[in-house]
Every structure is written in C-alpha cells, then in structure tokens.
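Student: Dumping the structure here so I can ask a few things about it.
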Amino acid sequence: MENVASRRAPSDACEYAVASRAMAGQRRSGDAALVCAGGDGLLVAVVDGLGHGDEAAVAAGVAIRTLREQAGQPIESLFQRCHETLQATRGAAIALAMLDASRATVTWSGVGNVEGILVRSSQHGERDKLYLTNRGGVVGYRLPLVHASVFQIAAGDQLIFATDGIDECFTSGDIPHGPPDRVARAILDRHGKATDDALVLVLRWRGPGGGAAIRRREQ
Ligand SMILES: [Mn+2]
C-alpha cells in the first residue's frame with residue numbers, strides 16, 4: 001500500500017515528505033524515516049531493516065528509536081549506538097544527515113545499501129549533485145569505520161535519501177523539482193521496485209530564514 005505524506009518539519013528551516021510502500025504481500029515495511037531536532041540542528045535518517053516483513057520492521061523500529069533518543073550526538077556516535085541496539089535484530093542499512101542551520105552545513109554518512117543525493121539549487125550551478133559515499137556493512141552486525149563528510153548547503157537545496165527498494169538509477173537521471181511530496185511520489189512511482197520495501201525521503205532546505213531566501217531567488 002503506497003503512502004505519500006508531507007510531514008511536519010521540526011523547524012522552519014526545511015520542509016520534507018516521505019513516500020513509501022511495503023513489498024507486495026507484506027503488511028509491514030522494513031523501511032523507515034526520521035527527521036527530528038538534535039543538537040544545533042536537524043537529524044535526518046533513512047533506515048532499511050535487512051530483508052523485509054516483520055523482522056525487518058522490528059530492526060527499523062529499534063534504529064529509529066535509538067536515533068530519536070540520541071539525536072544530538074555526532075554521526076559517528078549515532079552509528080555506534082545503533083550498532084549496539086541492533087545487535088539483537090537482523091541489522092539495518094542506515095543513511096544519516098545532520099543539518100546545521102547556523103553554519104549552513106550538512107554532515108552525512110551511510111552504511112549499507114542506501115542512496116543519498118544532495119541536489120543543489122541553481123545558485124550553485126545548474127542542478128549540481130553531490131552523492132553520499134556509503135561504506136559496506138550492516139549496522140548491528142558488521143559496522144565499518146564511519147567517516148562523515150561535510151558540505152555547505154543553501155536555501156533551495158534538496159536532500160534525498162532512498163532505500164534500495166528504489167532503483168539507484170534515480171540519482172543519475174533528472175531529479176524532479178518542486179514540493180517535496182510531489183518529488184517523493186514521482187521518484188517512488190518511477191523507480192520503486194516490486195521486489196522489496198521502498199522508501200524515499202525528500203527534504204528541501206529553506207535555511208534559517210524559512211522560505212524567504214527561496215522566494216527572493218525565485219522572483
Ligand atoms: Mn531493502
């Protein structure tokens with residue numbers, strides 16, 4: 001069952017939406033997403049519990065709970081904490097980003113098969129893209145050495161995280177622009193696989209001034 005929802009962002013600095021569906025024949029999805037306040041910024045997470053079905057959903061739930069509780073910690077510590085709490089589960093692939101409004105930076109890292117892309121607004125050149133480099137491994141089973149990368153972000157930039165139920169070729173084509181719920185639905189419709197749970201999170205950065213900077217540029 002497909003589900004697309006704009007979710008209430010924890011601050012005016014961004015707006016976001018999540019589109020997801022469980023694999024055909026499954027009641028629950030093993031994919032999950034989180035955006036919450038933490039430290040000086042916002043924590044963004046997409047989790048893919050290994051496999052699918054109930055056990056995958058349990059693993060994803062444990063990861064999301066851990067991340068929400070520890071949201072102010074540095075990214076490397078968040079992976080370590082999840083690695084500990086996921087030991088009793090199947091484990092998960094996880095992509096994490098920390099958005100800092102005062103420094104206008106994103107810090108991100110990923111473990112396992114999760115895609116991340118930062119689509120720059122036109123201020124940075126035409127539809128420039130940055131790709132998340134993820135390390136092989138399974139959080140809760142085999143955690144690699146995690147190195148987070150840091151980039152500047154500007155109003156209008158889009159951060160997109162997707163589980164491997166979304167064909168990874170979505171990152172190489174034209175990424176649709178527009179409100180996050182429309183972009184998320186378009187990516188799920190065009191690139192969702194029938195053979196796995198699928199989830200895509202689209203976050204549009206508005207900056208500390210809310211939408212003012214975007215509106216100025218789009219005039
Ligand atoms: Mn998957």
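The values are calculated or read from the model by the stated rules, or taken from the named source; none is laboratory data. Quick caveat: nothing in here was measured; it's all calculated off a predicted structure. Positions of Cβ are generated from backbone atoms using ideal geometry, with glycine treated the same way; all protein chains shown enter the neighbour counts.
Student: For ALA101, work out the one condition from (1) at pLDDT below 95; (2) crowded, with 18+ Cβ neighbours inside 10 Å; (3) farther than 15 Å from LEU43 by Cβ; (4) more than 13 Å from the chain's Cα centre (by Cα) it doesn't fulfil.
Tutor: (3)
Student: Sticking with this one: Would you check if there is a residue in the range 83-95 being farther than 23 Å from ILE166 by Cβ and either part of a strand (DSSP E or B) or touching a strand residue (DSSP E or B) at 6+ places or on another chain (Cβ under 9 Å) (or both)?
Tutor: Restricting attention to the range 83-95, the residues satisfying the condition of being farther than 23 Å from ILE166 by Cβ are 83-85, 87-88.
Filter once more, keeping what is either part of a strand (DSSP E or B) or touching a strand residue (DSSP E or B) at 6+ places or on another chain (Cβ under 9 Å) (or both): 83.
Yes, the conditions are met somewhere in the range 83-95.
Student: Can you pull out the residues in the range 76-91 that are crowded, with 20+ Cβ neighbours inside 10 Å and closer than 18 Å to HIS147 by Cα? Spell out how you get there, then give the answer.
Tutor: Here is the first cut: in the range 76-91, the ones crowded, with 20+ Cβ neighbours inside 10 Å are 78-79, 82-83, 86, 89, 91.
Correct list: LEU78, PHE79, CYS82, HIS83.
Student: Being part of a loop (DSSP other than H, G, I, E, B) and among the hydrophobic types (A, V, I, L, M, F, W, C) is the requirement here; does ALA71 meet it? Full working, then the answer.
Tutor: Working: part of a loop (DSSP other than H, G, I, E, B): yes; among the hydrophobic types (A, V, I, L, M, F, W, C): yes.
Answer is yes for this residue.
Student: Only one of ASP167, ASP128, ASP157 is farther than 22 Å from HIS83 by Cβ and within 16 Å of the ligand (Cβ to nearest atom); which?
Tutor: On the way: ASP128 fails: within 16 Å of the ligand (Cβ to nearest atom); ASP157 fails: within 16 Å of the ligand (Cβ to nearest atom).
None of the other options fit; the residue is ASP167.
Student: Out of (1) free of Cβ contacts under 8 Å to residues at least 24 places away in the same chain; (2) within 16 Å of the ligand (Cβ to nearest atom), what's the single condition that is false for GLY173?
Tutor: Failing condition for GLY173: (2).
Student: Another question about this same structure. Against the conditions (1) more than 22 Å from GLY39 (Cβ to Cβ); (2) at pLDDT 95 or above; (3) surrounded by fewer than 23 Cβ atoms within 10 Å (Cβ to Cβ), where does HIS52 fall short? Just the number, please.
Tutor: (2)
Student: Can you list the strands (runs of 3 or more DSSP E) found entirely within the range 104-219 that contain at least 1 residues being modelled with pLDDT of 90 or more, in contact with a strand residue (DSSP E or B) (Cβ under 6 Å, 6 or more places away or on another chain) and surrounded by fewer than 21 Cβ atoms within 10 Å (Cβ to Cβ)?
Tutor: Here the list reads 105-111, 114-119, 129-131, 149-152.
Student: Here is a follow-up. Within the range 178-185, is even one residue away from the ligand (no atom under 15 Å from the Cβ), touching a helix residue (DSSP H, G or I) at 6+ places or on another chain (Cβ under 8 Å) and touching a residue at least 60 places away in the same chain (Cβ under 8 Å)? Please lay out each step first, then the result.
Tutor: First, pick out the residues of the range 178-185 that are away from the ligand (no atom under 15 Å from the Cβ): 178-185.
With the extra rule that they be touching a helix residue (DSSP H, G or I) at 6+ places or on another chain (Cβ under 8 Å), the set shrinks to none.
Scanning the range 178-185 turns up no residue that is away from the ligand (no atom under 15 Å from the Cβ), touching a helix residue (DSSP H, G or I) at 6+ places or on another chain (Cβ under 8 Å) and touching a residue at least 60 places away in the same chain (Cβ under 8 Å).
Student: Looking at (1) touching a residue at least 40 places away in the same chain (Cβ under 8 Å); (2) buried (at least 20 other Cβ atoms within 10 Å of the Cβ); (3) farther than 24 Å from PHE170 by Cβ, which one does MET23 not meet, given that it meets all the others?
Tutor: That leaves (3) as the condition not met.
Student: Further question: Just need a number here: residues in the range 11-40 that are more than 16 Å from the ligand (Cβ to nearest atom) and either polar (S, T, N, Q) or out of contact with any Gly (no Cβ under 9 Å at 6 or more places or on another chain) (or both).
Tutor: Residues in the range 11-40 being more than 16 Å from the ligand (Cβ to nearest atom) and either polar (S, T, N, Q) or out of contact with any Gly (no Cβ under 9 Å at 6 or more places or on another chain) (or both): 6 in total.
Student: If I ask for residues that are within 16 Å of the ligand (Cβ to nearest atom), closer than 17 Å to GLY136 by Cα and not small (Gly, Ala, Ser), which ones from the range 43-79 would you list?
Tutor: Matches in the range 43-79: VAL46, VAL47, ASP48, LEU50.
Student: So ASP40 passes all but one of these: (1) farther than 27 Å from GLN152 by Cα; (2) touching a residue at least 40 places away in the same chain (Cβ under 8 Å); (3) more than 17 Å from the chain's Cα centre (by Cα). Which condition number does it fail?
Tutor: All conditions pass for ASP40, except number (1).
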